[in-house]
Amino acid sequence: MPNRAEYNLYTQINIETEHELPEQRIQEAVEWVLRRHDVPAGTGMSIVTVTDEEMRRLNRQYRAVNAPTDVLSFSADLESPPDGEAPYLGDLVLALPYIQRQAEAEKHEVDDELILAVVHGTLHLLGYDHDTPEHQSVMWAVQAEALEALGIDIVVPLFEFDDGGRDLEAD
């Protein structure tokens, strides 16, 4: 078996749920994305699950959007870690109830929808965005590559933009 880069993934579950998180699949998804981008081994990141209400609060506070969403990414914004410390990418916040409803509405497996959110959020931590049609095209291509490599058959539709290039689904 080839050497696999190892990354430090910390998870924190802040909600009561009967759904057991697929921690091994989450780790594999994060590792695939980080290896694909040549992120150094030992790099860390956190994944926190929250309620829809907590996600609404965070989305309102940081994006001025008064609604829950599936995932928010908070980059650590460190150019280089302090001496002796492993690099730290940042935090993903996942609204598990939102993801569960989204999976049901799209007729996807909850775990697949969760992995999609993890891949999407990790790409944001790496600097990808979907704020313009061009950026979205690049991000969606890498996201699709990751999902295919992870055995997830979900095609994410493109967001629509107005004539000014503004994401119509951002608000």
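The values are calculated or read from the model by the stated rules, or taken from the named source; none is laboratory data. Note that this is a predicted model, so its numbers are computed, not measured. When we count neighbours, we look across all protein chains shown, and the Cβ atoms used for this are built from the backbone with ideal geometry, even at glycine. With ligands, DNA and RNA removed, areas are computed over all heavy atoms of the protein, side chains included. Shrake-Rupley method; radii C 1.70, N 1.55, O 1.52, S 1.80 Å.
Remarks
- Heavy-atom accessible area, probed at 1.4 angstrom with all protein chains present, ranks T17, T69 as T17, T69, highest first.
- The Cα atoms of the chain cover 45, 40, 33 Å along the three principal axes, with the biggest extent listed first.
- FRET efficiency estimate (nearest 0.05) - Cβ-Cβ, E54 to N8, R0 25 angstrom: 0.55
- Taking the stretch 1-142 and dividing mean pair separation by its residue count, relative contact order in percent (alpha carbons under 8 Å, at least six apart): 23
- Taking Cβ atoms as reference points and 14 Å as the exclusive limit, the residues near D91 contribute a net charge of -2, counting Lys and Arg as +1 and Asp and Glu as -1.
- The residues of the chain present an accessible area of 58 Å² per residue when probed at 1.4 Å with all protein chains retained.
- Take the Cβ atoms of R63 and H19, set R0 to 22 Å, and the FRET efficiency comes out at 0.30.
- Taking E113, E54, E31 as the candidate residues, the one with maximal mean-square fluctuation in a Gaussian network model of the chain, Cα springs under 10 Å, is E54.
- Linear extension gain, Q100 paired with V155, 0.36 nm per residue minus alpha-carbon span: 18.1 nm
- Atom-type composition of the exposed protein surface of the stretch 1-63 places 43 percent of the accessible area on carbon and sulfur (1.4 angstrom probe).
- Loop-resident sites, the stretch 31-116, for trypsin sites (Lys or Arg not before Pro), counting at most 14 other Cβ within 10 Å (DSSP): K107
- Label-to-label distance, nm, for residues given as D83 and S137 (7 Å Cα→Cβ offset): 4.7
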